[in-house]
Number of protein chains: 2
Amino acid sequence: MDWNELYSSRIESMGHSDVVAMLKLAERPEVISFAGGLPDPDTFLLKETREMFEKVLTRMGAAALGYGPTHGITPLREWLAGHMTRMGRPTQTAECLVTTGGIAALDLICRVLLDPGDRVVVGEPAYLAALHVIRSHQAQFVGVPLDPEGMRPDLLEVQLHELKRRSLRAKFIYLVPSFQNPAGVTLTEERRKEIVAMAARYGVPIVEDAAYRDLRFEGQAPSLLAALDPQVIHINTLSKVFNPGVRIGWATAPQPFIEALALAKQGQDQCSSTIGQYVAHAFALEGLIDRQRAKAIAIYRQKRDVMLAALDQYFPASARWTRPEGGFYTWVTLPEDMDTQALLPRAIEAAAVAYGAGPSFYHHRGGKNHMRLSYSYVSKSRIEQGIQRLGNLLCSLDR
Amino acid sequence: MDWNELYSSRIESMGHSDVVAMLKLAERPEVISFAGGLPDPDTFLLKETREMFEKVLTRMGAAALGYGPTHGITPLREWLAGHMTRMGRPTQTAECLVTTGGIAALDLICRVLLDPGDRVVVGEPAYLAALHVIRSHQAQFVGVPLDPEGMRPDLLEVQLHELKRRSLRAKFIYLVPSFQNPAGVTLTEERRKEIVAMAARYGVPIVEDAAYRDLRFEGQAPSLLAALDPQVIHINTLSKVFNPGVRIGWATAPQPFIEALALAKQGQDQCSSTIGQYVAHAFALEGLIDRQRAKAIAIYRQKRDVMLAALDQYFPASARWTRPEGGFYTWVTLPEDMDTQALLPRAIEAAAVAYGAGPSFYHHRGGKNHMRLSYSYVSKSRIEQGIQRLGNLLCSLDR
């Protein structure tokens with residue numbers, strides 16, 4: 001069979017996946033990898049998780065092992081509605097859909113909204129897995145630069161206006177408002193209000209990906225975009241405050257849109273793991289999500305501090321980086337003539353250290369003088385060691 | 001937000017989902033529902049499953065709760081390769097991809113192969129969830145009728161030939177060769193060989209969905225299509241011989257195609273449940289899949305016998321039905337002027353019994369004088385009761 005002549009244009013357009021390549025890099029034990037965005041297993045409440053599995057299987061029996069409803073099991077949807085309400089977005093159970101992780105939620109949204117060639121607004125830079133999903137639906141990207149306060153509303157308006165002038169309209173604006181992946185920056189309250197009002201004015205839905213929002217180390221959390229406007233499509237995951245291995249995420253949106261997502265989910269995976277949902281619900285109900293979050297914040301805050309101190313100490317004076325108030329990432333800007341993509345193989349070979357090369361995070365594959373450094377997974381001593389190695393390599397080039 | 005003007009043409013084309021509607025029907029406790037295809041929870045090895053969760057979480061710790069590789073965890077892929085090899089298709093680990101259930105595997109195949117308007121060959125009738133997935137990728141259906149020996153090769157060749165004459169080619173042929181859903185029929189060995197050879201001749205891949213194959217009550221199993229030709233794309237699920245709640249399925253195919261599926265999976269859900277995969281592997285390794293299969297076969301065989309006997313006793317003489325040698329379903333053919341779709345609300349209201357109406361299983365929404373009856377979930381006494389009620393209703397119309 002000649003597969004190449006059978007492939008869809010979608011798969012042709014995808015080319016290769018940076019995520020797969022990055023995860024492969026992380027596998028060699030001698031390499032200190034700041035490339036992936038993996039949670040630290042030390043944040044997991046292992047004993048409690050084991051107890052919840054035991055409890056659910058004892059209490060629920062076979063009901064926890066059968067098929068579940070496509071929308072998700074009712075008790076978990078109820079809990080999610082309460083959780084969203086507590087976060088400032090008054091929510092009915094019918095406005096929540098359980099998904100198989102956060103990326104699956106974005107995939108459903110793309111299925112529901114995108115035809116090939118449709119426009120989607122993304123940050124410059126943006127979360128690479130989100131770019132992969134949107135690209136797989138053959139959308140055209142409209143990029144809007146970020147600065148230390150998040151996506152720039154003035155440049156967003158230029159793009160929305162230009163589309164309107166051409167009688168076009170973006171299908172959605174994809175945003176990670178808090179501790180953005182990869183830039184680590186957080187959209188200010190003022191900008192949140194401005195962007196939500198602008199999106200409503202132009203009739204363009206916002207997709208708010210709040211994957212890291214709960215991991216705030218310091219300072220005051222700005223409003224959820226969905227709290228500013230209930231029309232905002234909110235997607236989220238329990239991967240950071242429970243664990244990624246159960247694959248539980250969710251979407252909260254107006255009910256008609258949730259119904260469209262559920263229809264699409266029938267063609268994606270029918271239902272998310274039933275046992276995973278029951279265990280997640282039991283975990284949440286016993287206050288364990290709060291406990292794990294507190295533990296995670298303490299661990300990640302320390303790691304961020306270690307990384308920022310090491311960057312100060314070892315990186316060349318010409319480098320700049322963001323100082324995230326939460327989440328997993330800092331974003332490094334090197335002099336314009338640096339090429340992090342070209343440098344990566346050498347960093348791995350010569351310095352045994354890996355990072356996310358800038359172009360992976362740009363829809364146009366530019367941004368070659370940037371790199372994403374994740375402090376979430378690597379141990380503190382290895383963070384310092386790895387940043388030293390990488391800093392030495394960069395200093396050797398910086399003359 | 002006016003969602004309706006934002007929806008993709010894909011979601012417009014999907015209209016509504018028969019699966020969702022059917023699962024809803026099954027919820028009212030007074031209704032005896034033969035509509036769904038749910039496994040009997042009595043087939044689950046509950047105690048052993050609980051022990052496996054305990055064992056995996058104790059032995060693996062946090063590693064069972066983190067992200068896993070997109071292709072699936074290596075020990076499970078190795079086990080699947082051995083399993084496929086034992087089923088007559090010599091398989092390397094690299095030829096297996098773990099998926100979030102069987103439907104997710106079919107969705108990945110569609111992502112990799114289908115552009116809107118592409119042709120896909122399906123049975124008449126065909127598995128309704130598969131029709132839903134393929135429809136969601138905006139393919140055009142090419143239907144080939146079944147008879148008691150499965151899909152008719154002569155009519156398949158007519159279609160493939162006609163497409164070729166028009167310089168077209170189907171992207172794949174979707175088949176459930178054993179205990180077909182919904183017809184309950186099994187493709188004979190002779191037809192398997194004929195269809196596999198024909199597909200190779202026309203350069204059209206076969207997708208073999210073997211979801212029910214392991215549940216054979218009697219008689220000799222014909223060859224796996226993938227055993228007759230390793231180019232066949234094999235998809236399968238542990239939902240029937242472990243449980244559906246962990247959402248573990250897989251695809252076996254030539255390695256280049258598996259790599260394309262893995263790329264697509266990055267945009268579907270990144271990875272399947274890690275804990276689910278480790279538990280499934282532990283369950284398989286301890287011989288529990290074999291034990292559950294034996295238990296399931298015994299239970300489903302009895303249920304099939306009860307249903308067939310009740311059909312003999314209570315259904316009108318004008319009705320015909322298939323006698324499945326395994327799986328979950330029998331397929332009833334009523335006189336041409338009957339309309340099972342129109343009758344369904346009355347069956348539920350007046351007789352408190354539900355079934356799968358014929359048109360749900362036809363890409364062209366015809367076949368209104370057929371119904372699918374599932375004996376898998378309902379208890380034996382309720383099977384007899386439900387068939388009696390439904391038979392009485394049909395007899396009252398059959399004059």
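Rule-based calculations on the coordinates, nothing more; no lab input. Not measured: the values here are computed from a predicted model. For neighbour counting, all protein chains shown are included, and Cβ atoms are generated from backbone atoms with ideal geometry for every residue, glycine included.
Going by the alpha-carbon gyration tensor, a ≥ b ≥ c the square roots of its eigenvalues, is region A:96-222 rounded (a/c under 1.5) or, if a/c is not under 1.5, prolate (a/b greater than b/c) versus oblate?
Working: a/c = 1.76, a/b = 1.15, b/c = 1.53.
Cα axes put region A:96-222 in the oblate bin.
To the nearest whole number, what is the average tally of beta carbon atoms from other chains within 10 Å of the beta carbons of peptide B:271-278? All intermediate terms of the calculation are to be shown ahead of the outcome.
On the way: counts 7, 6, 11, 5, 10, 6, 1, 1.
That works out to 6 on average.
When Cβ neighbours within 10 Å are restricted to other protein chains, what is their mean count per residue of peptide B:126-133? Let's see the in-between values first.
Working: counts 0, 0, 1, 3, 1, 1, 4, 4.
If you average over the peptide's residues, the count of other-chain Cβ atoms is 2.
At what distance in angstrom do the alpha carbon centres of region B:28-94 and region A:345-370 lie from each other?
Taking the Cα centre of each part, region B:28-94 and region A:345-370 sit 37 Å apart.
Apply the Kirkwood formula to region A:46-286: the hydrodynamic radius equals the inverse of the mean of 1/r over all pairs of different alpha-carbon atoms; give it in Å with one decimal. Intermediate values should be presented prior to the final figure.
Details: mean 1/r = 0.0545 Å⁻¹.
Evaluated over region A:46-286, this radius sits at 18.3 Å.
Please report the projected area of region B:187-238's Cα convex hull averaged over all directions, in nm². Spell out each step's value before the answer.
Working: hull surface 14.5 nm².
Hull-based average projected area comes out at 3.6 nm².
Would you mind ranking A:Arg291, B:Arg59, A:Arg301 by Cβ crowding within 10 Å, fewest neighbours first? Let's see the in-between values first.
Values: A:Arg291 14, B:Arg59 11, A:Arg301 17.
If I rank by nearby Cβ atoms, fewest first, I get B:Arg59, A:Arg291, A:Arg301.
How high is the relative contact order of region A:46-286, in percent, with contacts defined as C-alpha pairs under 8 Å that are six or more residues apart?
29 percent
Taking the Cβ-Cβ separation of B:Phe217 and B:Ser379 as r and a Förster radius of 22 Å, what is the calculated FRET efficiency to the nearest 0.05? It would help to have the intermediate numbers written out before the result.
Details: r = 18 Å, r/R0 = 0.83.
E between B:Phe217 and B:Ser379, to the nearest 0.05, is 0.75.
Given H placed on each backbone N at 1.01 Å, which residues far from B:Arg119 in sequence or on other chains put an amide H within less than 5 Å of it?
For B:Arg119, the qualifying residues are B:Gln140, B:Lys171.
Rounded if a/c is under 1.5, else prolate if a/b is larger than b/c, else oblate: which is region A:124-194, with a ≥ b ≥ c the root eigenvalues of its Cα gyration tensor? Show your work: numbers first, answer last.
Values: a/c = 2.37, a/b = 1.15, b/c = 2.07.
Because a/c hits 1.5 or more and a/b fails to exceed b/c, region A:124-194 counts as oblate.
For B:Leu38, B:Leu285, B:Leu238, which order do you get if you count the other beta carbons within 10 Å of each Cβ and list the fewest first?
Values: B:Leu38 18, B:Leu285 13, B:Leu238 27.
Listing B:Leu38, B:Leu285, B:Leu238 from fewest to most nearby Cβ atoms yields B:Leu285, B:Leu38, B:Leu238.
Just for region B:47-289, what percent of DSSP beta bridges are antiparallel, to the closest 5?
Values: 10 of 24 bridges.
Of the beta bridges lying entirely in region B:47-289, close to 40 percent run antiparallel.
Suppose you put the label 7 Å out from Cα in the Cβ direction; list, shortest first and in nm with one decimal, how far A:Gln140 is from each other copy's label.
2.7
Which listed residue (B:Leu38, B:Thr85, B:Tyr375) has the Cα farthest towards the positive end of the charge dipole for chain B, taking +1 on Lys and Arg C-beta and -1 on Asp and Glu C-beta about the Cα centre?
Ranked along the dipole, the leading option is B:Thr85.
For B:Trp321, enumerate residues with amide H under 5 Å from its amide H, sequence gap 5+ or separate chain, H modeled in the peptide plane.
B:Thr333
Please turn the phi angles of region B:78-93 into ³J(HN,Hα) values with the Karplus equation 6.51 cos²θ - 1.76 cosθ + 1.60 (θ = phi - 60°), one per residue in order, whole Hz, x for glycine and proline.
5, 5, 4, 4, x, 4, 5, 4, 5, 7, x, 10, x, 9, 8, 3
Placing unit charges on C-beta atoms (Lys and Arg positive, Asp and Glu negative, everything else neutral), compute the dipole magnitude of chain A about its Cα centre in debye, rounded to 20. The partial results should precede the final answer.
Working: 44 positive and 43 negative charges, 73 e Å.
Roughly 360 debye, rounded to the nearest 20.
Where the label is 7 Å out from Cα toward Cβ, how close does A:Asp2 come to the same position in every other copy, in nm, shortest first?
Copy-to-copy label distances at A:Asp2, shortest first: 4.8 nm.
Does region A:100-153 come out rounded, prolate or oblate, given a ≥ b ≥ c as the square roots of the eigenvalues of its C-alpha gyration tensor, rounded meaning a/c under 1.5 and, failing that, prolate meaning a/b above b/c? Walk me through the intermediate numbers first.
Values: a/c = 2.42, a/b = 1.49, b/c = 1.62.
Oblate is the answer for region A:100-153, as a/c is 1.5 or above yet b/c matches or exceeds a/b.
Can you work out the Karplus-derived ³J(HN,Hα) for every residue in region A:333-350? Use 6.51 cos²θ - 1.76 cosθ + 1.60 with θ = phi - 60°, whole Hz, and x for glycine or proline.
10, 9, x, 3, 7, 7, 10, 5, 5, 5, 6, 4, x, 5, 4, 5, 5, 7
What's the exposure ranking of A:Ile32, B:Ile134, B:Ile258, going from fewest to most Cβ atoms within 10 Å?
Working: A:Ile32 24, B:Ile134 28, B:Ile258 21.
Exposure proxy ranking, most exposed first: B:Ile258, A:Ile32, B:Ile134.
Using every pair of alpha-carbon atoms in region B:1-160, split the distances into 10 Å bins beginning at 0 and state the percent of pairs per bin, rounded to integers.
Reading upward from the zero bin: 8, 20, 31, 28, 12, 1.
Could you pull out every residue, at least 5 positions away or on a different chain, whose amide H is within less than 5 Å of the one on B:Thr99? Hs are placed 1.01 Å off N in the peptide plane, and Pro or chain starts have none.
B:Gly249, B:Trp250, B:Ala251
Using only helices, what value at 222 nm comes out for chain A when you add -39,500 (n - 2.57) per DSSP H run of length 4 or more and divide by the total residues, to the nearest 500 deg cm²/dmol? Can you show the working numbers first?
Working: 14 runs with 175 residues, N = 399.
Dividing the helical sum by the residues of chain A leaves -14000 deg cm²/dmol.
Just to be sure I understand: with springs between alpha-carbon atoms less than 10 Å apart, which residue in B:Gln385, B:Gln220, B:Gln159 has the highest mean-square fluctuation in the Gaussian network model of chain B?
The residue with the greatest mean-square fluctuation here is B:Gln220.
Which FRET efficiency, nearest 0.05, do A:Thr74 and B:Asp398 yield, Cβ-Cβ r, R0 45 Å? Show your work: numbers first, answer last.
Working: r = 41 Å, r/R0 = 0.91.
It comes out at approximately 0.65.
Per-residue Cβ counts within 10 Å, from other chains only, averaged over A:112-119: what number is that?
Averaged over the peptide's residues, the number is 4.
Among A:Arg86, A:Arg320, A:Arg111, which one moves the most in a GNM of chain A with springs linking Cα atoms closer than 10 Å?
A:Arg86
Using Cα pairs closer than 8 Å and at least 6 residues apart in sequence, work out the relative contact order for region A:73-203, in percent.
Numbers: 153 pairs, mean separation 27.1, N = 131.
Reported as a whole number, the value is 21 percent.
Considering the dipole of region A:146-233 built from charges on the beta carbon (Lys and Arg +1, Asp and Glu -1) around the Cα centre, which of A:Ala197, A:Ala226, A:Leu160 is farthest to its positive end?
Towards the positive end, the residue furthest out is A:Leu160.
Let me know the charge dipole size of the protein assembly as shown about its Cα centre in debye, to the nearest 20, where only the beta-carbon of Lys, Arg (+1) and Asp, Glu (-1) is charged. Mind showing how you got there, number by number?
Values: 88 positive and 86 negative charges, 109 e Å.
Dipole about the Cα centre, nearest 20: 520 debye.
Provide the per-residue ³J(HN,Hα) series for region B:111-124, in order, calculated from phi with Karplus coefficients 6.51, -1.76, 1.60 and θ = phi - 60°, each as a whole number of Hz, with x at glycine and proline positions.
Here the 3J(HN,Hα) series is 4, 6, 9, 9, 9, x, x, 5, 8, 10, 8, 10, x, 10 Hz.
If you build a Gaussian network model of chain A, linking Cα atoms that sit under 10 Å apart, which residue out of A:Arg346, A:Arg50, A:Arg216 swings the most?
Largest GNM mean-square fluctuation: A:Arg50.
Find how many whole Å separate the alpha carbon centroid of region B:160-201 from the alpha carbon centroid of region A:116-172.
43 Å
What does the convex hull of the Cα atoms come to per residue for the protein assembly as shown, in Å³?
Roughly 156 Å³ of hull volume per residue.
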